[in-house]
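Quick one: structure below, then a few questions.
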Amino acid sequence: MLETVYKHLETLQEQARELPHPQQAIFTKILEDLSNSLQEMAGSRLFESATNNAAKLVEIEKNNRLLERTVAQQVGQIRQLREQLEKQISQHRRDTQALTKSEAKLQAMLRNSPDLISIVGSDGRVRYHSGTLQRLLGYNPEERIGKFHGELIHPDDLLAWQTYFGKLLESPGIGGAIEYRKRHADGSWIYMESIGNSLLYDSSVQGIIINSREIGERKQAEIAVRESELHYRVMSQITSDFAYSFKGLPDGKFTCEWATEAFERCSGIVPEELESFGWWNSELVHPDDREMLIKQLEGCTFSRTGANEYRIINQKGEVRWVRDYWQVVWDKTAERVVRLWGACQEITDRKQVELKLQLVNQLLQAQIASAPLAINCTSNDGNTVVWNRAAEQLFGWDCG
């Protein structure tokens, strides 16, 4: 019987080796105690005398069955622990595979991202650069580790960067965007836009993540726009011509969207004032020309262009002539004019000269008509173009 028990103990000891270390130590201790108890029982006189004692045999048999049940329970527990261990090992393998795939995806994204990802410590030194650094600025990422992030920034932009970085040190979280120039490995300057995220208190980062992108094309476009605006502003200041844009409202009125600077010099009115009383139906247009312009606009049933010459009255009460080249935008759905664009040229001086010429011509014709002598004017081809009443009487012509 004891031999059977010892065999069970040996089986349990072999199975105990497959358990995790904490459970293995506990179970081994139980088996050792059990083995010691059996050895004491085998070596004691009580056990020797019990072989001839039926009552003792019955008690030992009970103890044996109890021991067998205990062993069976321990075997069941070992089986459950083994199953749990196998599940934990399988889950660990799955988690490891998922983590490996996730890291591979992250590295692929960092390698192929157009943005440069950097991690900078609180001392301003670079702790990480993504591979984009090589393509963007021509530096090997490993060579820049430990270098100061600001040492490649243009001297004119360095103070702004230091101020920005100081705010990130003081306030955790994402900061606004900052633009600066950074030196390329070939010595040229590259326009960059960066956004910093301070994660100094995040135990997994303990630094400032900086996302940077190259914005050279955008900066060139902005510079070109500024130069264009400067040219436009200069031209607007030195010319009397002005352009405008008006939005057509459902009630038939117009509100000024914008007008160039020359408009104020010509009319004495800032564009914002036009919003309160419209355009062609305003006091700005000469009363004798206002109705003509309104009817012309009301007659537009499709997009069209046109040109008019009319008078405006400026804030000083002076009459100014303008030649207006305009275009209306017709909305088929709304069946109305929704926008009016135009460019006006002040032609006051030309109109004054034309009026003087008309006056001189009228005076000349009156003098010719009333002259007592016959006057006959011919063109270069010999045709008579002007004669007076004296010539009619003399030659029998009809002055008509």
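Each reported figure results from applying straightforward, stated rules to the coordinates on display, with no laboratory input. Worth saying up front: this structure is predicted, and the values here are computed from it rather than measured. We place every Cβ from the backbone using ideal geometry, glycine too, and count neighbours over all the protein chains shown.
Taking amide H atoms as placed 1.01 Å from N in the peptide plane, list the residues 5 or more away in sequence, or in a different chain, whose amide H sits under 5 Å from that of H286.
Close amide H contacts, sequence-distant or interchain: R311, I312, I313.
Turning to a different aspect of this structure: Which whole-Hz couplings ³J(HN,Hα) result when phi for each residue of the range 327-339 is put into the Karplus expression 6.51 cos²θ - 1.76 cosθ + 1.60, θ = phi - 60°, listed in order with x for Gly and Pro?
My calculation for the range 327-339 gives 9, 9, 10, 9, 9, 5, 5, 7, 6, 7, 6, 10, 7 Hz in order.
Now, a different point. Ordered by residue, what ³J(HN,Hα) values in Hz, to whole numbers, does the range 186-196 give under the Karplus form 6.51 cos²θ - 1.76 cosθ + 1.60, where θ = phi - 60° and Gly and Pro are x?
Once rounded to whole Hz, the list reads 8, x, 7, 10, 10, 6, 10, 10, 10, 10, x.
Amide H of I174: which non-local residues (sequence gap of 5 or more, or other chain) have their own amide H closer than 5 Å, using H built in the peptide plane?
Residues meeting the amide H criterion: S198.
Take Q362 and R218, extend 7 Å from each Cα along the Cα→Cβ direction, and tell me the distance between the two endpoints in nm.
Label-label distance for Q362 and R218, simple model: 6.4 nm.
Using a basic spin-label model with each label point 7 Å from the Cα along Cα→Cβ, how many nm lie between R82 and H154?
7.2
If you don't mind, there's one more thing I want to ask. State, to one decimal in nm, how far the label point of E264 lies from the label point of A72, with both points 7 Å from Cα in the Cβ direction.
Rounded to a tenth, the inter-label distance reads 10.3 nm.
Please list 3J(HN,Hα) in residue order for the range 252-259, calculated via the Karplus relation 6.51 cos²θ - 1.76 cosθ + 1.60 where θ = phi - 60°; whole Hz, with x for glycine and proline.
Karplus values, whole Hz, x for Gly and Pro: x, 8, 10, 10, 6, 8, 6, 8.
Could you pull out every residue, at least 5 positions away or on a different chain, whose amide H is within less than 5 Å of the one on I347? Hs are placed 1.01 Å off N in the peptide plane, and Pro or chain starts have none.
W321, V322, R323
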